[in-house]
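Some notes on the structure that comes next.
Please treat every number below as a calculation from the coordinates, not as lab data. Just so it is clear, the model here is predicted, and its values are computed rather than measured. Here the Cβ positions follow ideal geometry from the backbone for every residue, glycine too, while neighbour counts run over all protein chains shown.
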Amino acid sequence: MEAYILSLVVFGALNVMLALGLNMISGFCGQISLGHAAFYGTGAYAAALLSISGLPFAASLALGALVAGALGLVVGFATLRVREDFLAITTMGVGFLFLGFVRKQEWLGGEFGVAQIPSPLSPLGFAVLAVGGALAMVALSLHLRRSWMGEVFRAVAADEDAASTLGVDTARYKLWAFVLGTACAGFAGGIYAHVTGLIVPDAFDFIQSVTILAMVVVGGIGSTWGVLAGAVLLTLMPELFRFVNDYKLLIYGALLLAVMRWSPSGLAGLAALVRRALRSSPA
Amino acid sequence: MFHLELLVVGLIWGAMYAMMALGLTLVYGLLRILHVAHAGVFALGAYAGVLTANATGSLWLAVPAAIGVAAAVGPLIYRFIYAPMLSRPPYVALIASIGLFIAMEDGFRLLFGPYGLPFDYNPWFVTTYSLGGISLNVVQIAMAVSTLVLAGAFGVFIAATRVGVAWRATVSDPQMAQSFGIDPVRVRYLNFAIGSAMAGAAGLLVGLLNNLVEPGMGAVVSYKGLAIIVLGGLGNVPGAVVASLILGVVESFGTVYLAAVLDRDAIAFAVLIAVLLIRPRGLFAPAR
Amino acid sequence: MRYSHHTPSLVKGLFLASAVALGGAASAADALRIGFHAPLTGFAAGDGKSSSLGAELAAEQINAAGGCDGRMVELVIYDDQAKADQAIPAANKLLGEGVKVAISGSYSGATRAAAGVFQKAGIPFISAYAIHPDITRTGDHVFRTSFMGEVQGRAGAKFVGEMLGHQRIVMITLNNDFGQSLATGFKQKAADFGIEIVSEYSYSIKDRQFGSIVAGVKRDAPDAIYASGYFFTAGPLVSQLRAGGVEAPIIGQEGYDTQHFIDIAKEAAEGVMITTSLDRDSEDPEMRAFIDAFEAKAGFPADMVAAATHTAVRVMCDAVARAGGDDPQAVRDALAATKDFATATGRISFNALGEIMKDVEIQVVKDGAYRHFASIHDPELLAPPSE
C-alpha cells in the first residue's frame, strides 16, 4: 500500500509543478496556453537523453528544465504579437507540432520513445524529490506574486495595452512568465522520465495539456494555493473513482463542467466564499 | 493527374472541416466562446444517424435524424451551460466545454460500446462516379455539395432575410441591435440550432465515409475546428470556409509529401502558426 | 472496482459447486488473485474491453475445471487508460492488494511503466500484447506471450515476397510503436524475399480519411499493399482503397484480427490476408474451445487481443500450478521453464529474454469471416531477440 501512496505522491507533485508553471503564464500573466505538455515533454526527452548519455541525475534534471525554458523563450518570443484566444490556439498548435516532430525523429526514438532511462532513486527518494520540487515552486510562485514582478504581471493580465502605455515593458514580463512556467514543466518532465523509465510521445499529447489547464482553472486561476489544490484533487480523482473504473472519465468531465458552472473561480473562489460566509455569520 | 486527385481529396476534406467550422465560428462570433463540445454534437449527429439507419434500414431517414437531434441539443447546451457563464472570463466556458465534450465522448462509449457502430448497409459509400479519371463516391459528393449549398444558403440568409439581418446586427453590435428591438437571446438559440444542425450533418457524412461511428470520432475535429476558425479570423464566416479548404488541401498534399517529417495534425498546425506569426489575427479580419 | 467471476447462471453455479466439492481445498478464501491492468476508458477502451473479456473467460474456464492448482482464480482489474502515469499507481495498487502475479492487458507505454514496478517488487509479470521491444528488457520477471512487431513484420515479408510472389510493394504504416516495429521487420527482410518497396506512406492513429494515400497507391500501381493498423483504422483504409479502385492484394497483421474489421470494411474486406497468431480453422482443441467460448460469452467473435490475454492468464496459471503455489520467485522460475504449453494462440515456450517463439498463422477473409490460409514455420526467421 505504501508504494501505491508514494507513486500517487510523485504524480500528484509532478502535476502540482505543471499546474503552477502554467499558472505563472496563464494565471499571473493572462496568457492562456493549451500546449503546456510540449514543455513537459521537452524536459522529459532532454533529461532522459542526457541521463542515458552518462550525465549525473541532478545535472540532467537541471538541463532538462533549462532546455524547456529555452524553448519557452522561443515560443514566447515568436508569439508576442498573438493575443488572447489566438494565443490559446497557437500554443495548442505548438503542442501538436512538438508531438508531430518527435514522432518522426529517429534520434528521439520515434514512436518507441526513449527507453532504459536509469532510475537513480528509490520510490521514496522520487517522492521526496518531487514534493521538494513542488514546494520550491509554491515558494517561487508566492514570491513572484508578491514581488514587483507579480504586480506587473497583474497589470499585463488586466489590460495589456494600458500597461504598456504606462511604460511597462510588457513583452519582457510575458517572456519571463513563459520562461519560468515552461522551465517548471521541464523540471517535472525530467522527473517523470526517470520515474517511468520509458517515455513515449503520446504521454505529452493535447489531452495532457488540457488536463494541466483544467487543474489550473478548477483550482482557481491565478491563486497559488487554489492551483495546488486543483492539481492534487484532479490527480486523486481517477484514484478515488477507481471503484467505478468504467465511469471515471464521465465523472471527470462532469466535474469540470460542474465546477465551471457553479464555481467559476474554482476551488480558490469556493474557499473565499466560505471564508466570507464564516466571517459574516453571527457567531 | 495525381496532383489533381490530391487537390480534389483536399477540397473534400476542406468541405468536411467547413461544415464543422461554420458552427464553431458562428458561436464565436456571437458569444466569444471556443465551443469545443461542438465536436460532441458532431458525434451525436453521427450516432443518431447510424442508429436510425440500422433500425429502419434507410439512409434517407438517417439524415433528418442526425440533423434534428443535433439541432435540438445545440440550443440546450447554450441554455444550460453557456448562458449562465457569459459574464465570466472566456476560459470558464472553454473548460466547461471541454468537460462536456469528455463526458459526451465517454457517454457514447458507455451507451453504444467502445468498438463503435458500423452502418449495416451503406450503399452511398460503395456507389462511385468517375469524373475524368477521378472516382468519387456519393458520400464524398454529398459532402462537397452540402457544404456549397449550406454556405450559399447561409450567405443568402444573412444578407437577405429579416432574421439574417438581425443576426448580423447582433454580431456586430448587440446593444445597438437590442435597442432596435432585436431579441439577442433568440438570435443565439437560432445560432446554436443552425450551427449544430450542420455539425450533425457533418457527423453523419463522416460516419458514412468511415463506415464507422465511434465514441472518439469528434476528437480530431474538436481541435482542428478551433485551428480553422482562428486561421480564418475568429468569427469570420467566409474566412472559416476559406481556411477549411486551405487546410484540407494542405493536409492532402502534406500527408503524401511531408509524411516523413511531420504527421497530419502537425502539418495543419505548422500552417496555422506560420500564418499567425505573420498575421496575428488570422487570414481575414475577426468579427467585431 | 473488482470484477467477480462467478457468473450467476445456474449451470455455472453447479459447475463451481462440483469443482469445490471435487477440489476440496478450493475456496474463495485462498483464491489465486491475478493482478490485471487494461485501458478500460480512454481512446483504447475497445481493446481494454476485449482484453479484460479474454482474461475473464480464461479465469472462468480454469475455475470451471477445478481451479488453478486447486485454487479459484480471481482477477483484480484496474484501468490504466493506456497511460504510464496511470499504470504506475495501478500497478502499485495491485501490489498493495497483495497480488503475487500480474498481467498487462494494455499498450506499450503503460505496460513498460508497470513492468518496472513489478520487476522491482519481484513479481512475475506477463505482457499479453504490448509490442515494445524494451518491455522484456525491464528484467528477468517480465515475459511476453505475443509476437514482437519486428518478428511479425519479417513474417509479413516472407509471406508477401516468397509465398505470394509479389515484388512491387507499397507500405502504408501506422505511426505508432506497433506500426513502426512492423515496418522495421518488414524492411529488414524485404530484399531477401525479392521485394522492392515502391513507396511508403504513413498515417496517424487518429486518421480515418485516407484519400491522399489512396491516390498515391493508385499512381504507384503496386503488386500488393502491406498496411499496418488496427480494425478502426484498417476498416476505413481498406474500404477506401477498394472504393478508390485499388485492386491489389492487401496484407495486414494482428491489429486487423477481429470481426469488427470485417463489419466495417464489409465486401472490401474479402480477400484481405493477415499475419496473426489466432487460427480460426484450427483443429487444436485449445484454440477451438477459446474461439467458441469467447463468442458465447462476449456476443461477438473472438479477436486477437482477447486471445492474447486469455493465453497470458493460462500461461500464468500453468506456471503457478507447476510452482505449487504463488511464491513469486518459484512462479517466475516456472514461467521461464514453460515449454510447448498449448494455448489459444499456439504453443508457448520462452527464450532467455522472456520472449516467445511460435509459428505465424496467415488468415484470409472469406465470406465475411477469417479463415485459415497458411502457416509459417521458420524458427530462424521468427526468432525473437534473446537479450
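Which aspartates and glutamates, on any chain, are close to C:K218 with Cα under 12 Å apart, when same-chain ones fewer than 8 places away are left out?
B:E5, C:E247
Please name which of A:A231, A:V244, A:S263 has its Cα lying farthest along the dipole of segment A:219-283 towards the positive end, using unit charges on Cβ (Lys, Arg +1; Asp, Glu -1) and the Cα centre as origin.
Of the listed residues, the answer is A:S263.
Going by average Cβ neighbours within 10 Å, how do the peptides C:295-303, C:86-94, B:59-67 rank, with the highest at the top?
C:86-94, B:59-67, C:295-303
Counting only residues 5 or more places away or on other chains, whose amide H sits under 5 Å from the amide H of C:Q81 once H atoms are built in the peptide plane?
Answer set, sorted by chain and number: C:L40, C:T41.
Report the FRET efficiency, 1/(1 + (r/R0)^6), for B:A72 and A:A139, where r is their Cβ-Cβ distance and R0 is 60 Å, rounded to 0.05.
Once the sixth-power term is evaluated, E becomes 0.70.
Per residue and in cubic angstrom, what volume does the convex hull of the Cα atoms of segment B:2-278 have?
141 Å³
Antiparallel as a % of all DSSP beta bridges within the protein assembly as shown, to the nearest 5? Mind dumping the intermediate values first?
Working: 22 of 54 bridges.
Roughly 40 percent of the beta bridges in the protein assembly as shown run antiparallel, per DSSP.
With θ set to phi - 60° and the Karplus curve 6.51 cos²θ - 1.76 cosθ + 1.60, what are the ³J(HN,Hα) couplings of segment A:90-101 in order, to the nearest whole Hz, using x for Gly and Pro?
Result, ordered by residue: 5, 5, 4, x, 4, x, 5, 5, 4, 5, x, 5 Hz.
Which lysines, on any chain, are close to A:K104 with Cα under 18 Å apart, when same-chain ones fewer than 8 places away are left out?
Straight-line reach from A:K104, under 18 Å: C:K187, C:K206.
Looking at the protein assembly as shown, which Cys residues are left with no other cysteine's beta carbon under 4.7 Å from theirs?
Isolated Cys, the protein assembly as shown: A:C29, A:C184.
Going by Cα centres, segment B:20-78 and segment C:181-215 are how many Å apart?
With segment B:20-78 and segment C:181-215 each reduced to a Cα centre, they are spaced 36 Å.
On a straight-distance basis, which lysines could pair with C:K266 in a cross-link, Cα separation under 19 angstrom, same-chain partners fewer than 8 positions away excluded?
C:K366
Give me the mean projected area, in nm² to one decimal, of the convex hull enclosing the Cα positions of the protein assembly as shown.
Its Cα hull, projected and averaged over all orientations, spans 40.7 nm².
Kindly work out what percent of the DSSP beta bridges joining two residues of chain C are antiparallel, to the nearest 5.
35 percent
Report Rg(Cα)/(2.2 N^0.38 Å) for segment B:210-288, keeping two decimals.
Segment B:210-288 yields a ratio of 1.15.
Given q = 0.17, 0.19 Å⁻¹, what are the Debye log10 I(q)/I(0) values for segment A:2-203, with equal point scatterers placed on the Cα positions and solvent ignored?
Debye output, listed in q order: -1.08, -1.26.
Residue-wise, which Karplus ³J(HN,Hα) couplings in Hz belong to segment A:177-188, taking 6.51 cos²θ - 1.76 cosθ + 1.60, θ = phi - 60°, and x for glycine or proline?
Couplings: 4, 4, 5, 5, x, 6, 5, 4, 4, x, 4, 4 Hz.
Expressed as a whole number of Å, what is the distance separating the alpha-carbon centroids of segment A:1-19 and segment B:197-250?
38 Å
Calculate the dipole size of the protein assembly as shown relative to its Cα centre from +1 charges on Lys and Arg beta carbons and -1 charges on Asp and Glu beta carbons; express the result in debye to the nearest 20.
3400 debye
For C:V272, list long-range residues whose amide hydrogen, built 1.01 Å from N in the peptide plane, is under 5 Å from its own amide hydrogen.
Distant-sequence amide H within range of C:V272: C:V365.
On alpha carbon coordinates alone, what is the Rg over Rh value for segment A:99-185, Rh being the Kirkwood radius?
Computed over Cα atoms, the ratio is 1.17.
Which value, in nm² and rounded to one decimal, describes the direction-averaged projected area of the C-alpha convex hull of segment C:277-387? Write down the numbers at each step before the final one.
Working: hull surface 31.7 nm².
Result: 7.9 nm².
Can you give me the long-range amide H partners of C:Y201? Hydrogens built in the peptide plane at 1.01 Å from N, cutoff under 5 Å, separation of 5 or more residues or another chain.
The answer is C:M171, C:I172, C:T173.
Hey, what do the phi angles of segment A:130-135 turn into as Karplus ³J(HN,Hα) couplings, whole Hz, using 6.51/-1.76/1.60 and θ = phi - 60°, x for Gly and Pro?
Result, ordered by residue: 5, 5, x, x, 5, 5 Hz.
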